[in-house]
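One structure below.
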Amino acid sequence: MGDRAPVHITIGGALPREHLAAFAAHAANYDLRTEWDGEPFDPAVLPLGEPLQLYGTELNGGQIPEIDAFCAEHGLPFRRWSGGCLGAYLPEIILFDGQGPMRDYTASEDEYVLFPPSWINSFTRLRDLKREMARAELAIPAFVTTGGASDGRN
């Protein structure tokens, strides 16, 4: 059994209703909840007008690779924080804006992006540093399902 850590993922974007069951199965595999130690994720109860927030505890490496891959495959923007494990790995934040590669950042245990001095000092222009810091902030849109009788509604 590997080192365990918590995870919090915020997911947005439009998911075709026909893929919701597959997403729910992945969430169930990781025992993801709608709040820390709350109720298990139920695809019949989705948030209205806001991103989907899911939480997990005691996950191997604080990772949920099937969820990350599913979101990337379906173009769903997300922000995932994974806690660290003392002596094994640091907390991290993974951002995906719906296309392109995922971006990873070192994080704090309270879900803030951390920028090491060596990284900051590598910039020669303040505007370049500010631009890269802004990339570490991603506004996640509302999570909606599309298709079916209530198209665009949850």
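If exposed trypsin sites (Lys or Arg not before Pro) are those in a DSSP loop with at most 12 other Cβ within 10 Å, what is the longest stretch of the chain that has none?
Answer - 1-124.
Counted by Cβ distance under 15 Å from Glu132, the other residues give a net charge of +2, where Lys and Arg count +1 and Asp and Glu count -1.
Give the range of the longest stretch in the chain that excludes all GluC sites (Glu not before Pro) found in loop regions by DSSP and having at most 11 other beta-carbon atoms within 10 Å. In short, 36-136.
For the stretch 90-95, putting each phi into the Karplus relation 6.51 cos²θ - 1.76 cosθ + 1.60 with θ = phi - 60° gives couplings of 8, x, 9, 10, 10, 10 Hz, in residue order, rounded to whole numbers and with x for Gly and Pro.
Going by a ≥ b ≥ c, the root eigenvalues of the Cα gyration tensor, does the stretch 9-49 fall in the rounded group (a/c under 1.5), the prolate group (a/b larger than b/c) or the oblate group?
oblate
Whole-Hz Karplus values for the stretch 124-133 come out as 9, 10, 4, 5, 5, 4, 4, 4, 5, 5 Hz, taken residue by residue from phi with 6.51 cos²θ - 1.76 cosθ + 1.60 and θ = phi - 60°; glycine and proline positions read x.
Please check the chain for the longest run free of chymotrypsin sites (Phe, Trp or Tyr not before Pro) that are loop-located per DSSP (anything but H, G, I, E, B) and have at most 16 other Cβ atoms within 10 Å. After excluding every exposed loop site, the longest remaining stretch is 37-111.
Of all the Cα-Cα pairs you can form in the stretch 4-142, what percent are over 17 Å apart?
On the way: 5861 of 9591 pairs.
Distances greater than 17 Å cover 61 percent of the Cα pairs.
What is the chain's relative contact order, in percent, from Cα pairs under 8 angstrom and six or more apart in sequence?
Details: 295 pairs, mean separation 47.8, N = 154.
Once normalised by length, the contact order is 31 percent.
Taking the chain as the reference, fit the longest principal axis to its C-alpha atoms, fit the long axis of helix 20-29 to the helix C-alpha atoms, and give the angle between the two in degrees, 0 to 90, nearest 10. Rounded to the nearest ten degrees, it is 60. Rounded to the nearest 500, the 222 nm mean residue ellipticity of the chain from helices alone is -6000 deg cm²/dmol, with -39,500 (n - 2.57) taken per DSSP H run of at least 4 residues.
Computed about its Cα centre, the charge dipole of the stretch 69-138 is approximately 340 debye, with only Lys, Arg, Asp and Glu carrying charge at their Cβ.
Rule-based calculations on the coordinates, nothing more; no lab input. Keep in mind it's a predicted model, so treat the numbers as computed, not measured. Ideal geometry is used to build each Cβ from the backbone, glycine not excepted, and the neighbour counts take in all protein chains shown.
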